Every structure is written in C-alpha cells, then in structure tokens.
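Read through the structure below, which is laid out as structure tokens, and then see the notes.
The values are calculated or read from the model by the stated rules, or taken from the named source; none is laboratory data. Note that the coordinates shown come from a computational prediction; the quantities given were computed from them, not determined experimentally. Counting neighbours? That spans all protein chains shown, and the Cβs are built from the backbone with ideal geometry, glycine included.
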Amino acid sequence: MPVNVNDLPGRIRQIVNHVAPLHAEADVPIEHHRRLSNDAWNLLLYVRRHLGEATTYGAVLERHLYQLRRMVLLNLIEAFERYLKELAAVCVDHVARRVPDDRLDKVSKGSGIASHFAAATIGRAVCESLNWLDCDEINERFRWILAPPYEAGSFYVFPRGTQQPAALRDRLETARTIFQLRHTLAHNLGVITASDALKLRLLTRGPVEENQLLLPTHGDVWYVKLWLAETVDKVNAEVATALADLLTQLHGQDATLLIPGDVATELAQRFRVGVTVAGVAAAP
Amino acid sequence: MSVTGREAKYETSPLELAAWLRASGADSLWTVDGDPDLTGVVDFPCTASDLADELERREGKALVLHGPDMKFGASVGRDEIAALVSSDPAGNRVLQLNWAGSSDVWLLIEDRDTLIEVEVSDNLQISQSVDVKLIKGGDRQAEPEGDG
C-alpha cells in the first residue's frame, strides 16, 4: 500500500518558510565563508565521530560516509562561490555610486538585476543573480568592478601569465579543477561522465576514468577546505588593496566623492584587513 | 544547541583554556562546533597552539559544562580542566562550553581522524609537512611580491 500524505504540493510550498535569519557575519564575506565551511566540516566530523566506530553494517556506513563527503565537498565549494559573490557585492557597493561609466552592465550582462531590486544593496542586486563558478567569468567581472573609470582594468582573481596580482597567480588551475568537481557533484551526483572525465584529464594532466563514481576520502575533503581557505585569505587581501587603491584614485579625481577615514574604516571592517584610502589607514 | 540546565558549570578564563590546550599537545588538531564567533575567525581543524593563540585574544569568562559529580569549586584552572574533558565514541577529547552571558553551547573537540588519515595516507608528520595555519583577520603580513 503506498504511503499517502495529504497535500504534498502545499507541504512543499511551505518549505520556503522554514528559515532562520542570516548570521551577523554574513556582512563580512571572509567570516561568513569560514563559518559556512567550518559548519560543513563539523557535520562530517560529527557523523564520523559518532558512527565511525560502529562495527555493525560497516559496508553500509562506509557507503553513507562517501555520500556525506560528496555533500560536504559540494558545500565547501558552494561556500566559496558564496564568498566570491559577497565579495563582489561589497566592491560594487563602494564603487557603483562613485563612477560614471557602465561597468555594472558589463558585470551583470543584463542577467536579471531587475528581479533583485528589493536586495539590500546595489551590490547584492547586481551580484546575487549571477553564478560565480567559472574562472574566466569571475576574472572578467572583478576586472570590470575594480577598473579605473573608463578603463578595462587589470585585476584578476585567477590571473595567468603576467596578469596581476602576482600573489594569486598559482590559483587558476586548481580553481578550475575544483569547479569541475563541483559540476560532477552537483549535476551528476558524483558520477564522472565521459565529458567530465575529458575535462578533468586536461585539468589534472593525468588519467581519469569515465563512468566512475567519485569516492572522496576524508583527507580529500580536508585538502579542498585548506586550499579554499588559503585562497579566500589571499583573494580577500588582494581585493581589499585593489579596492582601496581604486577609491584612492577616485578621491584624487574628485575629493567630494568620499571621506577617506570613513571609507577606510568601513573597508577594514568588511574585509577584516588593514587598508589605506587616500593616505588614511584603518585597521579592523 | 542550548544549555540543558542539567550540567554543572565551572567558570574559567580563555587564558586558562588556552594553557590547557597547549598542554594537550601543540600539534594535535582541534575543531570548534557551535561558537559562531570562533568559527568565523579560525579555519578548522587547526593545531592546539593556533587555537590557543586565538583564545588568548578573548576576554570574558568561559563556562565548562560537565556532569554535576565533580568536586571542584565554581572556578577551575588549566589543571582542573583536564578532569572535565570527556571522550566521544572515537576517543577524541571533548569539552562542552559556553561563554558567560551567552546561551550558545559549543564543543571544543579533538580531531584525531584528520590527523591520523593524513599521516597514514601521506606518511607525513602534520607539523612538518602541512601548513595548518590559523587565518586571522587584521594582523596578517603582506605577501612578498612575486616575480612578475
């Protein structure tokens, strides 16, 4: 006899109201990222700690742990996407009202800003509707956001060759591999399709079998978490400096655009790093 | 997670907690589960010494929650904290805490699994080969400029 639950469509509609307020650190992208990734990691540890010693149904437990690791790995990568989105929004908030060019059109490419007019800030309105899972798109958007007025900009989150900043030059290949793993986890439930295998072979320069299920180890999950944390730390520092430099340049062109001390203080709080705007330094 | 009210609360300082953590093995790995502040500023798991560094920046009082059978007074130092540690089913050391004035209970948990797995799979000593560093906001040094 089938299980019968009344009004499934209505119950599903109710899911959207099962919510809690955002954490306070959501206003500070790097802290929000740490919290999200630590929460994902702690879920893995909690289950492993309390079930990992069980001796009954060991094969089933191991299968569930692989599934859990795939989910946690996906959560870690999506926390990174969330970080990039929030970081870009902070930058847009500081730049948009101080530049006269059409950089926001270039960033959003018309992808649904109108539906986000209710967002708390212009930055969120521009950035929330976009995916931040492609290194080339991420590069292009940050380049435009942090560009001097009427210029194409030179800041790359994932620079290649001699692109700036130099401190981020070693990130591109691993970021692409991680985003491809995310694709496999999110869209194919961890199954490496022929198409995934081809891309992963090119990215890792090694053999990747197709039509295999990804079985990440505990260490695999941790290595991704470590790399993402290190990357977020570096990107955060570089973007803070680039934004402070741009605002300094804008202030040099028109001193009425901003009060350096106020802006430096706000940037230091939002990025949790020391910054200098138009000669005024601030610490978090 | 909230306080059940059944545990006894032993007051200690972040400094004493940090001292106990350092004594527990500088290269042991630890995680914090449930404290929104610490999980926002530290990437876990981290070494005992890195977490101790962060705790030493904290002010206020921490309350160690434990069964009511201990004979200690209301305040405990680093030596008594060791007696309030329990173990989870996997043998990791666990302290249940909350900050004075907060109802959020959080766990300070040893992460032996990660340490063991990395050592076994890579045959490496974590303190020598893996850069497990505390990432702190506000006091990091600028990266040296690269070669380009």
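Restricting attention to region B:88-105, the residues that are more than 10 Å from chain A (Cβ to nearest Cβ) and within 15 Å of the chain's Cα centre (by Cα) add up to 7. Within region A:266-283, the residues that satisfy the criterion of being within 14 Å of chain B (Cβ to nearest Cβ) and buried (at least 18 other Cβ atoms within 10 Å of the Cβ) are A:LEU267, A:ALA268, A:ARG270, A:PHE271, A:ARG272, A:VAL273, A:GLY274, A:VAL275, A:ALA282.
Assess whether A:LEU246 counts as being surrounded by fewer than 16 Cβ atoms within 10 Å (Cβ to Cβ) and over 28 Å from B:ILE116 (Cα atoms). Can you show your working first?
Values: surrounded by fewer than 16 Cβ atoms within 10 Å (Cβ to Cβ): no; over 28 Å from B:ILE116 (Cα atoms): yes.
The answer is no for A:LEU246.
Per-residue answers, yes or no, for (1) buried (at least 17 other Cβ atoms within 10 Å of the Cβ); (2) under 22 Å from the mean Cα position of the chain (by Cα):
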{"residue": "A:SER154", "(1), (2)": "no, yes"}
{"residue": "A:GLN163", "(1), (2)": "yes, yes"}
{"residue": "A:ILE178", "(1), (2)": "yes, yes"}
{"residue": "A:LEU185", "(1), (2)": "yes, yes"}
{"residue": "A:THR193", "(1), (2)": "no, no"}
{"residue": "A:ALA197", "(1), (2)": "yes, no"}
{"residue": "A:LEU200", "(1), (2)": "yes, yes"}
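Put simply, of B:ASP113, B:ASP88, B:ASP27 the only residue that is acidic (Asp, Glu), more than 27 Å from A:TRP227 (Cα to Cα) and modelled with pLDDT under 90 is B:ASP88. When A:ALA120, A:ALA152, A:ALA167 are checked against the criterion of being in a helix (DSSP H, G or I), among the small types (Gly, Ala, Ser) and on the phi < 0 side of the Ramachandran plot, a single residue qualifies: A:ALA167. A:ARG49 passes every criterion in (1) of a type in the set (Lys, Arg); (2) within 11 Å of chain B (Cβ to nearest Cβ); (3) under 25 Å from A:TYR156 (Cα atoms) apart from (3). For A:ARG98, the test of being among the basic types (Lys, Arg) and without any contact (Cβ under 8 Å) to a residue 60 or more places away in the chain is failed. The residues of region A:202-212 that are surrounded by fewer than 13 Cβ atoms within 10 Å (Cβ to Cβ) and touching a residue at least 12 places away in the same chain (Cβ under 8 Å), listed by number, are A:GLU209, A:ASN211. For the residues B:THR39, B:THR47, the requirement of being within 14 Å of chain A (Cβ to nearest Cβ) and either closer than 20 Å to B:ASN98 by Cβ or touching a Cys at 6+ places or on another chain (Cβ under 6 Å) (or both) singles out B:THR39. Scanning region A:239-249 finds no residues that are farther than 27 Å from A:GLU62 by Cα, among the hydroxyl-bearing types (Ser, Thr, Tyr), within 14 Å of another protein chain (Cβ to nearest Cβ) and over 22 Å from the mean Cα position of the chain (by Cα). Tell me, yes or no, whether region A:219-231 has at least one residue that is at positive phi and among the charged types (D, E, K, R). No: zero hits. Residues that are over 27 Å from A:GLU81 (Cβ atoms), free of Cβ contacts under 8 Å to residues at least 12 places away in the same chain and not hydrophobic (A, V, I, L, M, F, W, C) within region A:231-273 comprise A:ASP254, A:THR256, A:ASP262, listed in sequence order.
Determine whether region A:213-233 contains at least one residue that is loosely packed, with under 14 Cβ neighbours inside 10 Å, at pLDDT 95 or above and over 25 Å from A:ARG160 (Cβ atoms). Yes; the residues of region A:213-233 include at least one that is loosely packed, with under 14 Cβ neighbours inside 10 Å, at pLDDT 95 or above and over 25 Å from A:ARG160 (Cβ atoms).
Here A:LEU202 fulfils each of the conditions (1) aliphatic (A, V, I, L, M); (2) within 30 Å of A:LEU36 (Cα to Cα); (3) out of contact with any Ser or Thr (no Cβ under 6 Å at 6 or more places or on another chain) apart from (2).
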